[in-house]
Amino acid sequence: MRIFVTGTAGFIGYHLAQLLLAEGHEVQGFDGMTDYYDVALKRRRHAMLLQHQNFHATEAMLEDREALDRAMDDFAPDVVVHLAAQAGVRYSLENPRAYLDANIIGSFNVMEAARRLAVGHLLMASTSSVYGANEAMPYGETDKADTQMSFYAATKKATEAMSHAYAHLHALPTTMFRFFTVYGPWGRPDMAPSKFTQSILAGRAIDVYNHGQMWRDFTYIDDLVHGIRLLIDAVPGGVETAVAGDSLSPVAPWRVVNIGNSEKVMLEDFITAIEAATGRKASRNYLSMQPGDVPATWADASLLRALTGYTPKTTVPEGVARFVEWYRSYHGV
Ligand SMILES: NC(=O)c1ccc[n+]([C@@H]2O[C@H](COP(=O)([O-])OP(=O)(O)OC[C@H]3O[C@@H](n4cnc5c(N)ncnc54)[C@H](O)[C@@H]3O)[C@@H](O)[C@H]2O)c1
């Protein structure tokens, strides 16, 4: 297959591209190398991908419509996986416009090009944050999700709505993923696993929000990209193709799918796993809840299983050990 992937210098895009290349697919990457976090890490990821002869990349912003159109037209993809975005809940309080530009305008440009080229399947990243203030857990794709708590989550929910309209109007088969706290080697420096590991290894205290009353459905990166890979082949069709518990639209070849571990892990247990992997004890700074954040996320991943037969299975101690091993060798600490 010819697969166009946005965000290939990013954490998830890098791992997905590696998996697709290992299977022998042609991958065209697209990334603007934004400076939201260390650009050197992004360049290292891209440099490794560029060692494959089936990988080519364009360095440009999604908002640069001409550059995006040219890259997509020249490549003529069968499938588009759109992962590039301004991510992060906390930074969306500081710089909401970056989210509007990348996630709304940028995603619109990707959808427009995908429609024009009549690609076979468009897959785009949303987030568990769209479940917002929902209290019923685990979160299911058919639950109402109308109470976003951060502007980041709001832009992702808007992308889900925009893509549904495009799928309906243009018969464009579309899958939206809702990812749950992804971690692993080559992970993002702005996320808790990296920040905790960095501080613990440096002997500094870690900031633990909501006084430790936090739960996350931590998803190991290899499991996540395996789920994405299988969903590429699960092209949404008409209502007659719906499976049990499906979120398939009654009026469009469109569905939303959670990719999570289906396990609610207390932040303290995640920290304990980092302590075990580093062999150091963490000293904790207990703080109140951060605005925009939610105390818990937990995925019902039964739709992913019904569509693909797959369930993520890496446990937190296993995944954290692999992450810490990578972190130490990458940073030489
Ligand atoms: N990592 C997680 O836990 C998580 C959870 C839920 C959802 N997501 C979503 O998954 C996707 C991938 O996340 P990630 O963790 O790999 O993030 P990431 O920040 O590592 O990767 C995103 C990439 O997109 C690029 N990018 C950002 N804005 C751009 C723009 N306007 N034009 C071109 N390129 C741009 C960045 O340079 C970066 O390399 C995102 O859509 C994110 O919102 C991630």
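In this Cβ point-charge picture (+1 for Lys and Arg, -1 for Asp and Glu), the chain has a dipole of about 680 debye about its Cα centre.
About the centre of its Cα atoms, region 76-209 shows a dipole size close to 220 debye [charges on the beta carbon of Lys, Arg (+1) and Asp, Glu (-1) only; nearest 20 debye]. Relative to the longest principal axis of the C-alpha atoms of the chain, give the angle of the C-alpha long axis of helix 11-22, reported between 0 and 90° and rounded to the nearest 10°. Taking the Cα atoms of the chain, the angle to 11-22 is about 60 degrees.
Of GLU240, GLU23, GLU141, the sequence from fewest to most neighbouring Cβ atoms within 10 angstrom is GLU240, GLU23, GLU141. When the charge dipole of the chain is built from unit charges on Cβ atoms (+1 for Lys and Arg, -1 for Asp and Glu) and taken about the Cα centre, the candidate among HIS56, ILE274, THR181 whose Cα reaches farthest toward its positive end is ILE274. How much net charge surrounds MET72 when only other residues with a Cβ under 10 Å from its Cβ are counted (Lys, Arg +1; Asp, Glu -1)? Summing Lys and Arg as +1 and Asp and Glu as -1 gives -2.
Using alpha carbon coordinates only, what is the Rg to Rh ratio of the chain, with Rh defined as the Kirkwood radius? Before the final figure, lay out each step's value.
On the way: Rg = 19.0 Å, Rh = 20.1 Å.
Rounded to two decimals, Rg over Rh is 0.95.
With point charges of +1 on the Cβ of Lys and Arg and -1 on the Cβ of Asp and Glu, referenced to the Cα centre of region 153-281, which listed residue (ALA205, ALA153, LEU231) lies farthest in the positive direction of the dipole? Toward the positive end, the furthest listed residue is ALA205. Under the criterion of Cα pairs below 8 Å and six or more residues apart, the relative contact order for region 1-137 equals 27 percent. How tilted is helix 316-331 with respect to the longest principal axis of the chain? Cα atoms for both, answer in degrees (0 to 90, nearest 10). Once rounded, one gets 90 degrees.
Other residues within the sphere of radius under 12 Å centred on the Cβ of MET266, judged by their own Cβ, net out at -2 (K and R +1, D and E -1). Be a star and scan region 105-141 for residues whose amide nitrogen sits under 20 Å from the point 7 Å along the Cα-to-Cβ vector of ASP64. Correct set: 105-114.
For an R0 of 35 angstrom, estimate the FRET efficiency from the Cβ-Cβ distance between GLU112 and LYS313 and round to the nearest 0.05. Walk me through the numbers on the way to the answer.
Working: r = 38 Å, r/R0 = 1.07.
That pair, GLU112 with LYS313, gives E of 0.40.
Got a sec? How would ASP246, ASP146 order by Cβ neighbour count within 10 Å, fewest to most? Going from sparsest to densest Cβ surroundings: ASP146, ASP246. Candidates PRO250, GLY292, ILE104 compared by Cα position along the dipole of the chain: farthest toward the positive end lies GLY292, with charges placed on Cβ.
Below 8 Å between Cα atoms, with a sequence gap of 6+, how large is the relative contact order for region 103-204 in percent? Don't jump to the answer; show the numbers that get you there.
Working: 96 pairs, mean separation 34.8, N = 102.
Value for region 103-204: 34 percent.
Based on other C-beta atoms within 10 Å, arrange MET33, MET214 from fewest to most. Kindly include the intermediate steps, with their values, before the conclusion.
On the way: MET33 14, MET214 20.
The most exposed by this proxy come first: MET33, MET214.
Using a cutoff of 8 angstrom between alpha carbon atoms and counting only pairs six or more residues apart, the relative contact order for region 235-318 works out to 37 percent.
Taking a threshold of 29 Å on the Cα-Cα distance, which of the pairs LYS157/LYS281; LYS156/LYS264; LYS144/LYS313 fall above it?
Beyond 29 Å: LYS157/LYS281.
Computed over all pairs of different Cα atoms, the Kirkwood value for the hydrodynamic radius of region 174-330 is 16.9 Å.
Read-outs: derived from the displayed coordinates by stated rules, not from any lab. Please read all numbers here as calculations on a predicted model, not as lab measurements. So basically every Cβ, Gly included, is an ideal-geometry build from the backbone, and we count neighbours across all protein chains shown.
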